[in-house]
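So the structure is just underneath, and the comments pick up after that.
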Amino acid sequence: MKTSIVGLGQTEFSKNSGRSELKLAVEAILAALQDAGLEVNDVDGLVRYTWDNTSEATIVNALGIPALKYYGETEFGGVNCCGAVAQASAAIEAGLASCVVFYRALNARSGVRFGRGERVLEERDGTLLSRQPEPPGDIYSAPFGLLVPGQHHALYAQAYAGHYGLDTEQVTNMLGSIAVTQRAYANKNPRALLRDRTLSMDEYRAGRVISTPLRVFDYCLETDGAMAMVIVSRERARSLSGKAVDVLAAGQYIFPGSAPMYLYAPHTYSLAPEIVGQELFGKAGVNAADIDVAMIYDATSIMVPIALEDFGLVERGGAHDFLTSGEHGSRGSLPVNTHGGLLSEGYFHGLNTIAEGVRQLRDESFNQVSAETAFITLRGASSMVLGRA
Amino acid sequence: MTIIRPSDEFLDEPFWKNLAWGTLHLNCCDDCGASHHPPSPICPRCRSWNTGWKPASGRARLKSFTEVHHPVHSLLESAVPYVVTLVELEEGVRMVSGIPAGRKVDLRVGMALQCEVIRYDERFALPYFLPDAKLDRVTAGRSETN
């Protein structure tokens with residue numbers, strides 16, 4: 001890939017932004033452009049999730065973007081966080097646009113909440129009806145009470161435990177080490193929603209059970225806010241302010257049963273076939289061992305051990321020992337989610353996951369490690385490798 | 001008694017009609033013989049349009065499960081805790097299922113299950129999968145899960 005991320009912008013993360021998603025989007029986009037040393041008139045492409053409520057037309061009209069030559073959308077929300085960057089890159093490399101902004105604006109705490117069944121069910125005379133064509137909450141799952149993504153993650157976690165023969169205590173220790181370590185990262189991150197709340201292993205264990213084996217601290221936050229990033233060609237990036245981070249490879253990968261919620265695929269303890277990592281690292285020209293820092297989309301904590309194994313960052317079945325011995329911490333061999341993750345910084349559907357990878361490679365992280373390459377993934381459905389410019 | 005169901009317009013479809021009549025049927029391919037779920041108009045394996053329905057053996061293995069404690073809808077507050085399962089049928093397809101309210105079972109990933117269709121009214125029934133001790137053989141060294 002021959003593109004670079006040259007600007008990052010965001011609003012504060014909050015539980016109630018107190019303003020419209022459009023206003024949030026515009027704030028984030030302007031901040032990202034300023035960070036890049038670019039202007040609104042430079043923007044000729046936009047990429048967003050189909051699930052976003054703020055359309056490209058609204059952004060063009062609100063900001064007075066003179067000419068939008070590429071407007072791309074991607075499905076499944078945060079599942080395609082890295083794929084949105086791939087899409088922006090493809091547009092640039094195809095010559096459709098030269099400066100693409102990827103944005104996300106959502107009042108996910110004060111507005112519609114993804115963790116609620118009301119989103120997929122209709123209530124009528126005391127009965128709940130499903131008409132969803134696909135999970136979560138589709139007609140084949142909803143009658144059993146499988147309604148929201150967080151419950152699907154509990155199924156992944158139990159499948160992982162069952163496959164490797166982990167007992168309840170081992171699962172608790174493995175997942176708890178993620179929640180606790182990431183909270184410690186967040187405690188040093190002024191952007192994090194939970195910067196002022198510490199979390200100990202005892203507090204993690206005492207957290208109420210949401211859906212076995214996951215407890216409340218295994219789940220990501222719900223957040224209001226907006227983020228944006230600016231993507232240009234690598235060549236153009238070199239002429240800008242010097243904050244560029246190169247996209248070495250970015251890809252998307254779904255296969256029968258893997259989307260949207262990974263219920264019908266052949267395995268549930270592993271969420272990405274080996275070929276995904278092989279192709280991604282192959283294109284990036286790196287090995288798994290070369291990765292210095294990993295940002296793993298942690299909608300729940302179980303995503304971390306599964307991704308570490310799926311991409312060969314840790315050997316199969318090795319995640320429990322890796323995590324319980326703190327290798328993902330700031331002094332470990334592979335720091336993970338150094339911003340605190342979706343669990344403790346804020347839930348921005350992958351944009352803040354990507355942003356921390358960028359920040360690490362710009363030496364702007366609040367938990368800075370020595371890093372030349374960063375790896376980012378949402379269970380292999382979209383993945384990316386970034387490198388220092 | 002479940003309070004979540006497919007909206008009425010879906011209940012005339014073969015999957016639900018067959019269940020209401022008492023048996024789990026799977027969408028299958030008349031050319032290659034494979035079953036697939038969820039139903040689709042074409043066989044995902046050989047891409048034949050000659051698809052139909054055949055009764056499932058009812059035998060399955062447990063791939064995962066979760067006991068839901070947190071109600072995600074106000075009408076589910078008295079339903080929790082309830083168990084959701086992910087099962088793999090002998091025919092090679094996976095299905096979401098559950099454990100009926102009031103039944104206490106010990107679940108272990110990998111265990112053998114048998115389908116039990118429970119009917120809620122003349123149009124609506126669900127395929128549950130319960131442990132089948134006769135078929136299950138505990139593998140030595142398999143750890144306990146929840």
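Things to note:
- Filtered residues of region A:190-229 (kept if β-branched (Val, Ile, Thr) and touching a residue at least 60 places away in the same chain (Cβ under 8 Å)): A:Ile210, A:Thr223
- Unmet criterion (only one of (1) more than 9 Å from chain B (Cβ to nearest Cβ); (2) touching a residue at least 24 places away in the same chain (Cβ under 8 Å); (3) surrounded by fewer than 21 Cβ atoms within 10 Å (Cβ to Cβ)) for A:Glu169: (2)
- Test: residue in region A:360-383 that is closer than 21 Å to A:Ala184 by Cα and acidic (Asp, Glu): yes
- Residue within region A:199-207 that is among the acidic types (Asp, Glu) and in contact with a Lys or Arg (Cβ under 6 Å, 6 or more places away or on another chain) present: no
- Criterion: modelled with pLDDT under 95, more than 10 Å from every other protein chain (Cβ to nearest Cβ) and farther than 28 Å from A:Gly115 by Cβ - qualifying residue of B:Arg137, B:Arg103, B:Arg123, B:Arg142: B:Arg137
- When B:Thr23 is tested against (1) within 9 Å of chain A (Cβ to nearest Cβ); (2) among the hydroxyl-bearing types (Ser, Thr, Tyr); (3) under 30 Å from A:Asp125 (Cα atoms); (4) surrounded by 14 or more Cβ atoms within 10 Å (Cβ to Cβ), exactly one condition is not met: (1).
- Test set (1) more than 20 Å from the chain's Cα centre (by Cα); (2) assigned to a loop (DSSP other than H, G, I, E, B); (3) closer than 18 Å to A:Gly225 by Cβ - A:Leu38 fails condition number: (3)
- Meets criteria (more than 29 Å from A:Phe13 (Cβ to Cβ), within 14 Å of chain B (Cβ to nearest Cβ) and among the aliphatic types (A, V, I, L, M)) for A:Leu96: no
- Within region A:209-236, tally of residues that are out of contact with any Leu (no Cβ under 9 Å at 6 or more places or on another chain) and farther than 30 Å from A:Leu155 by Cα: 5
- Pairs where the first residue, in region A:48-76, is over 16 Å from A:Ile231 (Cα atoms) and the second is surrounded by fewer than 19 Cβ atoms within 10 Å (Cβ to Cβ) and among the polar types (S, T, N, Q), C-beta under 6 Å, 6+ apart: A:Pro66/A:Asn41; A:Glu75/A:Thr50
- Test: residue in region A:100-113 that is at the interface with chain B (Cβ under 9 Å from one of its Cβ atoms), in contact (Cβ under 8 Å) with a residue 24 or more places away in the chain and assigned to a loop (DSSP other than H, G, I, E, B): no
- Those residues of region A:116-164 which are part of a loop (DSSP other than H, G, I, E, B), touching a helix residue (DSSP H, G or I) at 6+ places or on another chain (Cβ under 6 Å), within 9 Å of another protein chain (Cβ to nearest Cβ) and under 20 Å from A:Asp298 (Cβ atoms), in sequence order: none
- Condition check for A:Val26: part of a helix (DSSP H, G or I), at pLDDT 95 or above and under 21 Å from A:Ala67 (Cα atoms): yes
- The number of residues in region B:7-20 that are out of contact with any Leu (no Cβ under 7 Å at 6 or more places or on another chain), within 12 Å of chain A (Cβ to nearest Cβ) and outside any helix (DSSP H, G or I) comes to 2.
- B:Pro39 vs. criteria out of contact with any Lys or Arg (no Cβ under 7 Å at 6 or more places or on another chain), within 29 Å of A:Phe114 (Cα to Cα) and within 11 Å of chain A (Cβ to nearest Cβ): yes
- One residue from B:Gly92, B:Gly33 being farther than 30 Å from A:Val209 by Cβ, surrounded by fewer than 20 Cβ atoms within 10 Å (Cβ to Cβ) and more than 13 Å from chain A (Cβ to nearest Cβ): B:Gly33
- Considering residues of region B:57-84 that are part of a loop (DSSP other than H, G, I, E, B) and more than 14 Å from chain A (Cβ to nearest Cβ) only, the residue farthest from the chain's Cα centre (by Cα): B:Ser57
The values are calculated or read from the model by the stated rules, or taken from the named source; none is laboratory data. The model shown is predicted, which means the values in this text are computed figures rather than measured ones. For neighbour counting, all protein chains shown are included, and Cβ atoms are generated from backbone atoms with ideal geometry for every residue, glycine included.
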